[in-house]
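To start, the structure under review is shown below, and the notes come after it.
The values are calculated or read from the model by the stated rules, or taken from the named source; none is laboratory data. Note that the structure is a prediction, hence the values are computed from the model and not measured. Positions of Cβ are backbone-derived with ideal geometry, glycine not excepted, and every protein chain shown enters the neighbour counts. With ligands, DNA and RNA removed, areas are computed over all heavy atoms of the protein, side chains included. Shrake-Rupley method; radii C 1.70, N 1.55, O 1.52, S 1.80 Å.
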Amino acid sequence: MQITKTQNGSWRELLSGKNLTYSCLLGVGILLNAVNIYISIAILPSAVNEIGGIEYYTWNTSLYLMASIIGSAISGQFLLMQKPKKAYIYALIILFIGTFICSQAPNMTTMLGGRILQGLGSGILVALSYTMILILYKEILWPKAIAFLSGIWGVATFAGPAIGGVFAELTLWRYAFTSILPIIFIYMFLIHYYLPNTYTLQNASKRTPVVQVVLLISTIGVISLIGISSNVYLTIIGIISVIVLLSIFVKIEKKAVSRLLISVQ
């Protein structure tokens with residue numbers, strides 16, 4: 001039997017008609033998270049020059065990533081409790097508030113609070129985007145949809161630092177955050193208009209992978225401490241601890257019924 005392009009799940013099918021709309025919507029969810037990571041890295045030196053807090057420099061990204069992991073972990077329950085539209089909109093509201101706080105932060109402590117909210121909202125968005133692949137597309141298109149979202153990460157890797165660098169060069173680091181706010185608002189409107197109200201998804205995990213979340217957060221915390229440590233022996237101990245924690249995480253994740261990296265079985 002000859003396999004057609006449609007049976008193979010072609011890129012044309014993924015990027016045309018209603019699927020194109022869905023692909024763009026999911027892609028923006030990934031892009032918001034990636035841009036928040038890379039832009040903030042570029043503008044952070046300018047922010048520190050204005051509001052201080054050099055001692056919390058590494059925690060700016062670390063706390064964001066920790067919150068993002070928590071957001072990703074609870075996204076499954078978020079989707080089960082809410083319809084897709086509501087789940088997305090609540091996540092975007094959290095991201096909007098966090099981004100606004102960062103744009104107005106008078107000191108680094110306030111910014112860190114905003115970054116935690118940003119990470120939480122972004123983490124939920126990313127996990128929802130990948131989960132929605134299983135809801136919006138035919139199974140034959142799943143691999144290409146995942147590849148498409150992975151490509152978005154690649155684009156953000158180059159675009160994020162470049163955009164952030166422009167704001168930093170112009171000493172307008174606050175506008176780097178402010179410029180994201182209208183995008184979040186427009187995205188919220190598009191989600192409300194185009195995303196389906198209901199969904200059918202079998203075998204969705206109803207339990208949060210608490211152990212894996214704690215292990216990953218602990219790993220990020222240790223890495224952050226390594227970054228600010230000037231003691232060689234503590235650095236070596238930290239590196240060993242990271243390897244051990246990641247090894248335990250991989251071992252548990254492989255055997256777990258409720259997974260962090262694969263939330264839908």
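Things worth noting here:
- Scanning segment 148-167 for residues that are in contact with a Leu (Cβ under 9 Å, 6 or more places away or on another chain) and surrounded by fewer than 18 Cβ atoms within 10 Å (Cβ to Cβ) yields Trp153, Val155, Ala159, Val166.
- Screening Ile248, Ile262, Ile240, Ile252 for residues that are modelled with pLDDT of 75 or more, out of contact with any Gly (no Cβ under 9 Å at 6 or more places or on another chain), aliphatic (A, V, I, L, M) and closer than 16 Å to Ala73 by Cα leaves exactly one candidate, Ile252.
- Of the residues making up segment 190-204, those that are surrounded by 11 or more Cβ atoms within 10 Å (Cβ to Cβ) and at pLDDT 80 or above are Leu190, Ile191, His192, Tyr194, Leu195.
- Unique residue being under 15 Å from the mean Cα position of the chain (by Cα), surrounded by 24 or more Cβ atoms within 10 Å (Cβ to Cβ) and modelled with pLDDT under 90 when the list is Ala127, Ala91: Ala127
- Count of residues meeting criterion [in a helix (DSSP H, G or I), of a type outside the set (A, V, I, L, M) and at pLDDT below 85] in segment 1-35: 4
- Against the conditions (1) on the phi > 0 side of the Ramachandran plot; (2) in contact with a Ser or Thr (Cβ under 6 Å, 6 or more places away or on another chain), Asn33 satisfies every one except (1).
- A Cβ distance below 6 Å, combined with a sequence gap of six or more or placement on separate chains, defines the contacts here; from segment 43-68, residues that are closer than 27 Å to Ala91 by Cβ and open to solvent by 20 Å² or more (accessible area, probe 1.4 Å) reach residues that are charged (D, E, K, R) and part of a helix (DSSP H, G or I) in the pairs Leu63/Arg115.
- Against the numbered list (1) surrounded by 18 or more Cβ atoms within 10 Å (Cβ to Cβ); (2) touching a Leu at 6+ places or on another chain (Cβ under 8 Å), Trp142 comes up short only at (1).
- All of Leu170, Leu117 fail the test of being open to solvent by 50 Å² or more (accessible area, probe 1.4 Å), more than 19 Å from Tyr57 (Cα to Cα) and without any contact (Cβ under 8 Å) to a residue 60 or more places away in the chain, apart from Leu170.
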